[in-house]
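The values are calculated or read from the model by the stated rules, or taken from the named source; none is laboratory data. Everything quoted here is computed from the prediction, not taken from an experiment. Please note: Cβ atoms are built from the backbone with ideal geometry, for glycine as well, and neighbour counts cover all protein chains shown. Ligands, DNA and RNA are stripped out before the accessible areas are found, and what is left, the full protein with its side chains, is counted by its heavy atoms. Shrake-Rupley method; radii C 1.70, N 1.55, O 1.52, S 1.80 Å.
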Amino acid sequence: MARIRVLVVDDHRIFAESLAAALAAEPDVDVSAAGSGPAALRALERAAAEGRGYDVLLVDAELGARTGGGELPAVPAPRPEEPAAVDGIALVAGVRAARPGVRSVVLAEKDDPRAAARALQAGASGWVAKDCSLQRLLSVIRGVLRDETHLPPALLTGVLRELTAARKHRSESERLVESLTPREREVLRCMVAGLGRKAVAERLFLSPHTVRTHMQNVLGKLGVHSTLAAVALARRAGVGPADAGTGGLGRDVVERGGQLAQ
């Protein structure tokens, strides 16, 4: 019998242990639990190294948001290259990018069309209520392994609306970015990378005054009034940051009170 390897990722101890125990009673399911995003990443890495990778992640939608005495026991400190904390959606996106064969299902305490849409965009294959029946959860686990996507019927309309709106915003943002000159796009990528005016000037071998003019032109063409708004629009359009290479990445303040950094 082919066994399904499941990793429950939840920082609420009672829920995680109860769910793991219930799933472990199934003859074709092997289950483990992790109490944080970094712990889950380490578990995935170990399993892959041992040649017995996980098939499905069950990820708490509120991962990392809880405080108090309900958490799982403290896990070893993450290695320097690992994040100190990873929320549920970020974990889904990271796993999707690094291990595309692993399916992720988000477990939520409440229906939230916007969060569910974000989860799907991040690469989740399902969104399930935490209080659903065990049989329902098992059906979803087996379904996502057949490349199915599972959402509660009550969420379908809202999620489709959110996804449609996201596509519309992205297309509008892409159109605005396309209106920039090649040099202005370079400046925008530096802004996305967190570089201020002086750092951009050093990187592009321009004077600070010229860079300021380019930044003002970028804001004007994008129809925004602040660097933060320009960066948000750029990210919607799929504009990535300039590659780190000058040593100044992220060191300059890019915005102070809505004004361009001096």
key: Number of positions in region 8-47 that are at pLDDT below 90, closer than 21 Å to Ser133 by Cβ and out of contact with any Gly (no Cβ under 8 Å at 6 or more places or on another chain)   = 1
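Pull up region 136-158, narrow it to residues that are of a type in the set (A, V, I, L, M) and open to solvent by 20 Å² or more (accessible area, probe 1.4 Å), then point me to the one that is farthest from Ala93 (Cα to Cα).
Per the criteria, the residue is Ala154.
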ask   = Which condition does Leu180 not pass, out of (1) under 21 Å from Val9 (Cα atoms); (2) of a type outside the set (S, T, N, Q); (3) surrounded by 19 or more Cβ atoms within 10 Å (Cβ to Cβ), if it passes all the others?
value = (1)
inquiry  = Can you pull out every residue in region 102-123 that is open to solvent by 10 Å² or more (accessible area, probe 1.4 Å) and among the aliphatic types (A, V, I, L, M)?
reply    = Val102, Ala115, Leu120, Ala122
query = For the subset of region 125-135 comprising residues that are without any contact (Cβ under 8 Å) to a residue 24 or more places away in the chain and loosely packed, with under 13 Cβ neighbours inside 10 Å, which member is farthest from Pro113 (Cα to Cα)?
reply = Gln135
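Does Arg161 satisfy the criteria of being within 24 Å of the chain's Cα centre (by Cα), open to solvent by 80 Å² or more (accessible area, probe 1.4 Å), among the basic types (Lys, Arg) and closer than 30 Å to Pro113 by Cα?
yes
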remark   = Within region 136-158, of all residues that are closer than 11 Å to Ala117 by Cα and either assigned to a loop (DSSP other than H, G, I, E, B) or in contact with a strand residue (DSSP E or B) (Cβ under 8 Å, 6 or more places away or on another chain) (or both), the one modelled with the lowest pLDDT is Leu155
request  = Give region 36-53 a look and list any residue that's part of a helix (DSSP H, G or I) and under 16 Å from Arg96 (Cβ atoms), or say none.
outcome  = Gly37, Ala40, Leu41, Leu44, Glu45, Ala48
request  = Sort out which residues of region 211-245 are outside any helix (DSSP H, G or I) and surrounded by 14 or more Cβ atoms within 10 Å (Cβ to Cβ), and write them in order of number.
outcome  = Val224, Ser226, Ala237, Val239, Pro241, Ala242
note = Listed by first then second residue, the pairs whose first member lies in region 136-164 and is among the polar types (S, T, N, Q), whose partner is crowded, with 16+ Cβ neighbours inside 10 Å, with beta carbons under 7 Å and at least 6 positions apart or on separate chains, are Thr149/Ser125; Thr149/Gly126
